[in-house]
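K.L.:
Mind looking over this structure? Questions follow.
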Amino acid sequence: MSASRIKQGERMILVTGATGTIGRHLVRALAETGAPFRALVRDAARGRELGCDFVVADLDEPASMAAALKGVDRLLLNSGGALPVAGQQPMVRQQTTAIDAARAAGVSQVVKVSAWRPRPDAKLSVRAHWQIEQLLKASSLQWAMLQPTGYMQNFFTGEGGFTHSGALAGPYGAGRVAYIDAYDVAACAVVLLTGSLGISKSYALTGPQALAHEEIAAKLGVPFRDLSPRKAAEKLRAQGLPGWFVGDLLWLYADMAADGMSQVTTTVRDLIGRAPRTFDEFLAANG
Ligand SMILES: NC(=O)c1ccc[n+]([C@@H]2O[C@H](COP(=O)([O-])OP(=O)(O)OC[C@H]3O[C@@H](n4cnc5c(N)ncnc54)[C@H](OP(=O)(O)O)[C@@H]3O)[C@@H](O)[C@H]2O)c1
């Protein structure tokens, strides 16, 4: 960890997932507020790159989490999805460890990055988030759940589903998704981590408009190919993904195609006092 120590009376914030899609924006925005915080990283070299105080710990190592949470008042709980092991997302075990350690350390509030409409009959990390939310709600901790739709960043990380020739391809149909810029999710997290403690609440976060993937492809300047679920399954299996996982991914695509992620909320504006970025503004900021 870099040199600074927690001063008495300061409300220290610990940021997990600090090197990730939301985390990178979050550490920058938190630094601007002057609020005392530190980033949790697995690799000290990555912590040094962040340019803020950091602590080296791992969600898979309970003792390291106990040490990292010492003196912490608020925890930003965020970690990436990984392939499930024996049907269980590692995220459930990892974030359970963090919640248990937070309780033991006397943390007062956990702000959790969750997912859009977490529910028990969902698949992939959406179901994992539902499980973790239940646990957090049942704990003695105050909580805030950030429930974002898909991140605009997915179209840069490849999660949006591109072919080798660069076309945006998937069984999207004409379904619309109110994608959000991770930058705006981070801005919401800052408000909750630095504001006064209130009622525990869930925040459904979206961008300002719901776009069809054909429109997104046009904005990205690439061709769009709407695949049938069968064709999409073939493509995903050809990429080496196991059959059961392909089935879970198709569940997510079907949800998007059926407009399950098309609702636009005013929550970002209500929380941070400005409109969330449009897709065009996102592209301009990352061009
Ligand atoms: N992508 C979307 O559209 C979307 C939409 C809604 C919700 N979400 C949720 O957003 C969250 C973030 O997803 P993402 O794909 O954007 O990932 P990410 O934030 O880019 O990366 C994951 C972060 O978790 C950290 N991490 C992973 N395993 C860890 C461990 N064992 N101990 C400590 N830190 C660990 C990583 O640190 P290292 O640098 O050490 O790897 C990294 O900072 C996920 O929970 C996802 O379900 C995603």
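K.L.:
Set the Förster radius R0 to 35 Å, insert the Cβ-Cβ distance between K231 and E32 as r into 1/(1 + (r/R0)^6), and round the FRET efficiency to 0.05.
P.N.:
0.15
K.L.:
Rounded if a/c is under 1.5, else prolate if a/b beats b/c, else oblate: with a ≥ b ≥ c from the C-alpha gyration tensor eigenvalues square-rooted, which is the chain?
P.N.:
Here the chain falls in the prolate category.
K.L.:
In the range 5-88, what percentage of the DSSP-assigned beta bridges are antiparallel, given to the nearest 5?
P.N.:
10
K.L.:
Using only Cα atoms, find the angle between the long axis of helix 90-105 and the longest principal axis of the chain, and express it within 0 to 90 degrees, rounded to the nearest 10.
P.N.:
20
K.L.:
If I stretch the segment between R48 and F245 completely, what's the gain in nm (0.36 nm per residue apart, minus their alpha carbon distance), one decimal?
P.N.:
67.4 nm
K.L.:
How would W143, W251 line up from fewest to most surrounding beta-carbon atoms within 10 angstrom?
P.N.:
W251, W143
K.L.:
Still on this structure, I have one more. Of the DSSP beta bridges with both residues in the chain, give the percent that are antiparallel, rounding to the nearest 5.
P.N.:
10
K.L.:
Something else now. Please give the charge dipole size of the range 72-130, origin at the Cα centre, charges +1 on K and R Cβ atoms and -1 on D and E Cβ atoms. Round to the nearest 20 debye.
P.N.:
180
K.L.:
Run the quick spin-label model on A63 and Q88: label points 7 Å from Cα toward the beta carbon, then report their separation in nm to one decimal.
P.N.:
It works out to 2.2 nm between the two label points.
K.L.:
Using only the alpha-carbon atoms, how far is helix 229-238 inclined from the longest principal axis of the chain? Give it as 0 to 90 degrees, nearest 10.
P.N.:
It is inclined by approximately 60 degrees.
K.L.:
Any idea how far apart T266 and K70 come out in nm if each label point goes 7 Å out from Cα toward Cβ?
P.N.:
Calculated label separation equals 4.7 nm.
K.L.:
So, in nm, how far is label V56 from label S140 when the simple model puts each one 7 Å beyond its Cα toward the Cβ?
P.N.:
Modelled inter-label distance: 3.3 nm.
K.L.:
Looking at the range 143-241 only, what percent of DSSP beta bridges run antiparallel? Nearest 5 please.
P.N.:
25
K.L.:
If you don't mind, there's one more thing I want to ask. If neighbour count is taken as other Cβ atoms inside 10 Å, put R237, R225, R74 in order from fewest to most.
P.N.:
Arranged by neighbour count, lowest to highest, R237, R225, R74 become R237, R225, R74.
K.L.:
Taking Cα centroids, how far is the range 218-287 from the range 148-178 in Å?
P.N.:
So the two Cα centres are separated by 4 Å.
K.L.:
Further question on the same structure: If you look for lysine pairs in the chain that are eight or more places apart or on different chains, how many of them have Cα atoms under 28 Å apart?
P.N.:
Counting lysine pairs in the chain gives 15.
K.L.:
If one takes the longest principal axis of the Cα atoms in the chain, at what angle in degrees, from 0 to 90 and to the nearest 10, does the Cα axis of helix 124-138 lie?
P.N.:
30
K.L.:
Taking the Cβ of each residue in F162, F279 as the centre, tally the other Cβ atoms inside 10 Å and list the residues starting with the fewest.
P.N.:
Exposure proxy ranking, most exposed first: F162, F279.
Since every read-out is calculated from the coordinates, none of them should be taken as a lab result. Since the structure is predicted, the reported quantities are computational estimates derived from the model, not experimental observations. Heads up, the Cβs are rebuilt from the backbone with ideal geometry, glycines too, and the neighbour counts pull from every protein chain shown.
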